[in-house]
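A.B. asks: What follows is a single structure, and I will ask about it in a moment.
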Amino acid sequence: MTTHDLLRVTADDAELAVDVRGGSGAGSILFIHGFPFDRSLWRHQLAALSPSPSHWRRIAPDLRGAGASSAPARGYSMARYAADVVRVLDVLNVRQAVMCGLSMGGYIVFELLRRHPERVRAAVLCNTKAEADTADAKRGRDEMAALAEREGAAAVADRLLPRLLAPATFAAQPEVVAQVRAMIMGTPVPGLVGALLAMRDRPDSTAMLGAIHLPVLVVAGGDDPIAPPEGMLAMARAIAGAQFVQIPAAAHLTPLEQPLATSRALSDFLADLG
Ligand code: MLT
């Protein structure tokens, strides 16, 4: 992906890099990446969403502290990330968008539903969960934040990579492995630490699932150990009318590991909305 067409959006104390593609005849879809990645997680879906890619405007920001966005020293929270997303929509004059989030991006979609429901036309929840961190998981966040500060992004990449990708991806798609490592290595330490503490402190969203009355697509990776498909199916069942798709031979990063199947699921969902 080139950087020449990036929009720069000032959001409070951060400058966000935003990739904007396509026309908006049918509407806009905003892609929110997970931790510790960047907008290129969605590179295949940004490039083409069949069958009518030009009819959906695709918007993919780098969150504050990630990719080509700036990385303020502090102030990260799900509320702040959600406010940044709303700021991007405001700058683009988009009243409502389909919000598509992966993992931490899904936590941000929940925050948008909680704080800015009028901006959400529909939701796509990929490889994510509604539960807050357990006490153990919170301790794990603190440990990883300390590791990032002590040893930098390479140590975080070594720790995370084995659980992010499916065995089939490691075996047959070395370029995906390389891209994921590069995304992690490109995340500045304040962005790593800020996201970890924001995830540690995020609210539980399970109670709101039954109150969601929007079109929702839930996308699971069949081999995802971080957001296992059984949990995602249970989440989908708790949301009235939600669609559930399980993508085989993918772990936590379905849009990169299985781009065709992921894009097809998204296109079908969008076609029903359009
Ligand atoms: C992500 O991909 O955003 C993370 O795995 C989320 C998490 O660690 O909870």
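A.B. asks: From (1) more than 16 Å from the ligand (Cβ to nearest atom); (2) buried (at least 19 other Cβ atoms within 10 Å of the Cβ), pick out the condition that doesn't hold for Arg21.
C.D. replies: Looking at each condition in turn, Arg21 falls short on (2).
A.B. asks: Before we move on, is Arg58 within 16 Å of the ligand (Cβ to nearest atom) and crowded, with 18+ Cβ neighbours inside 10 Å?
C.D. replies: Details: within 16 Å of the ligand (Cβ to nearest atom): no; crowded, with 18+ Cβ neighbours inside 10 Å: yes.
No; evaluated as a whole, the condition is false for this residue.
A.B. asks: Taking region 123-143, which residues are among the small types (Gly, Ala, Ser) and either within 13 Å of the ligand (Cβ to nearest atom) or open to solvent by less than 40 Å² (accessible area, probe 1.4 Å) (or both)? Write out each step before concluding.
C.D. replies: Going residue by residue through region 123-143, those that are among the small types (Gly, Ala, Ser) are 123, 130, 132, 135, 137, 140.
Answer for region 123-143, where residues must be among the small types (Gly, Ala, Ser) and either within 13 Å of the ligand (Cβ to nearest atom) or open to solvent by less than 40 Å² (accessible area, probe 1.4 Å) (or both): Ala123, Ala130, Ala132, Ala137, Gly140.
A.B. asks: Does Leu233 fit the bill of being in contact with a strand residue (DSSP E or B) (Cβ under 9 Å, 6 or more places away or on another chain), part of a helix (DSSP H, G or I) and open to solvent by less than 10 Å² (accessible area, probe 1.4 Å)? Spell out the reasoning first.
C.D. replies: Values: in contact with a strand residue (DSSP E or B) (Cβ under 9 Å, 6 or more places away or on another chain): yes; part of a helix (DSSP H, G or I): yes; open to solvent by less than 10 Å² (accessible area, probe 1.4 Å): no.
Here the answer is no, as Leu233 does not meet what is asked.
A.B. asks: While we're on this one: As an exercise: evaluate Asp223 against (1) in a helix (DSSP H, G or I); (2) open to solvent by 50 Å² or more (accessible area, probe 1.4 Å); (3) not small (Gly, Ala, Ser) and give the number of the one condition it does not meet.
C.D. replies: Answer for Asp223: the failing condition is (1).
A.B. asks: Would you check which residues across region 236-257 are within 16 Å of the ligand (Cβ to nearest atom) and part of a loop (DSSP other than H, G, I, E, B) and list them?
C.D. replies: Start the filter on region 236-257 by keeping residues that are within 16 Å of the ligand (Cβ to nearest atom), which leaves 247, 250-257.
Ala250, Ala251, His252, Leu253, listed by residue number.
A.B. asks: Collect the residues in region 156-193 that are over 21 Å from Leu16 (Cβ atoms) and either aromatic (Phe, Trp, Tyr) or more than 16 Å from the ligand (Cβ to nearest atom) (or both), keeping them in residue-number order.
C.D. replies: Pro167, Ala168, Phe170, Ala171, Ala172, Gln173, Pro174, Glu175, Ala178
A.B. asks: Okay, next question. Examine region 33-42 for a residue that is within 25 Å of Asn127 (Cα to Cα), at pLDDT 95 or above and away from the ligand (no atom under 16 Å from the Cβ), and state whether such a residue exists.
C.D. replies: Our first condition is that a residue be within 25 Å of Asn127 (Cα to Cα); within region 33-42, this holds for 33-42.
Going one step further and asking which of them are at pLDDT 95 or above, we end up with 33-42.
Imposing the further condition that a residue be away from the ligand (no atom under 16 Å from the Cβ) reduces the set to none.
Checked region 33-42: no residue is within 25 Å of Asn127 (Cα to Cα), at pLDDT 95 or above and away from the ligand (no atom under 16 Å from the Cβ).
A.B. asks: Starting from region 65-92, take each residue that is touching a residue at least 24 places away in the same chain (Cβ under 8 Å) and list its partners that are crowded, with 20+ Cβ neighbours inside 10 Å and acidic (Asp, Glu), counting only C-beta distances under 6 angstrom and pairs at least six apart or across chains.
C.D. replies: Ala66/Asp38; Gly67/Asp38; Ala68/Asp62; Ser69/Asp62; Met78/Glu111; Ala82/Glu111
A.B. asks: Hey, another quick one. Take the conditions within 12 Å of the ligand (Cβ to nearest atom) and hydrophobic (A, V, I, L, M, F, W, C) and apply them to Val120. Does it pass? Outline the logic, then answer.
C.D. replies: Numbers: within 12 Å of the ligand (Cβ to nearest atom): no; hydrophobic (A, V, I, L, M, F, W, C): yes.
The answer is no for Val120.
A.B. asks: Filter region 95-108 down to residues that are touching a helix residue (DSSP H, G or I) at 6+ places or on another chain (Cβ under 8 Å) and open to solvent by 10 Å² or more (accessible area, probe 1.4 Å) and give me whichever is farthest from Pro255 (Cα to Cα).
C.D. replies: First pass over region 95-108, keeping only residues touching a helix residue (DSSP H, G or I) at 6+ places or on another chain (Cβ under 8 Å): 95-102, 104, 107-108.
In the following step, the residues that additionally are open to solvent by 10 Å² or more (accessible area, probe 1.4 Å) were identified as 95-96, 107.
On the way: Arg95: 26, Gln96: 23, Tyr107: 17 Å.
Taking the candidates together, the pick is Arg95.
A.B. asks: Closer than 20 Å to Ala240 by Cβ, surrounded by fewer than 18 Cβ atoms within 10 Å (Cβ to Cβ) and touching a residue at least 24 places away in the same chain (Cβ under 8 Å) - does that describe any residue in region 146-164? Before the answer, list the steps.
C.D. replies: Looking only at region 146-164, we keep the residues that are closer than 20 Å to Ala240 by Cβ, and these are none.
Scanning region 146-164, I find no residue that is closer than 20 Å to Ala240 by Cβ, surrounded by fewer than 18 Cβ atoms within 10 Å (Cβ to Cβ) and touching a residue at least 24 places away in the same chain (Cβ under 8 Å), so the answer is no.
A.B. asks: Just to check your reading of the model, which residue among Leu46, Leu92 is away from the ligand (no atom under 16 Å from the Cβ), modelled with pLDDT under 95 and not hydroxyl-bearing (Ser, Thr, Tyr)? Reasoning before the result, please.
C.D. replies: Working: Leu92 fails: modelled with pLDDT under 95.
The match here is Leu46.
A.B. asks: Only one of these is charged (D, E, K, R) and either farther than 22 Å from Leu41 by Cβ or out of contact with any helix residue (DSSP H, G or I) (no Cβ under 9 Å at 6 or more places or on another chain) (or both): Glu257, Glu230. Name it.
C.D. replies: On the way: Glu257 fails: either farther than 22 Å from Leu41 by Cβ or out of contact with any helix residue (DSSP H, G or I) (no Cβ under 9 Å at 6 or more places or on another chain) (or both).
Glu230 is the lone residue from the list that is charged (D, E, K, R) and either farther than 22 Å from Leu41 by Cβ or out of contact with any helix residue (DSSP H, G or I) (no Cβ under 9 Å at 6 or more places or on another chain) (or both).
The values are calculated or read from the model by the stated rules, or taken from the named source; none is laboratory data. All values derive from a computational prediction rather than experimental measurement. Note that we place each Cβ from the backbone using ideal geometry, even for glycine, and neighbour counts take in every protein chain shown. Keep in mind that these areas ignore ligands, DNA and RNA; they rest on the heavy atoms of the full protein, side chains included. Shrake-Rupley method; radii C 1.70, N 1.55, O 1.52, S 1.80 Å.
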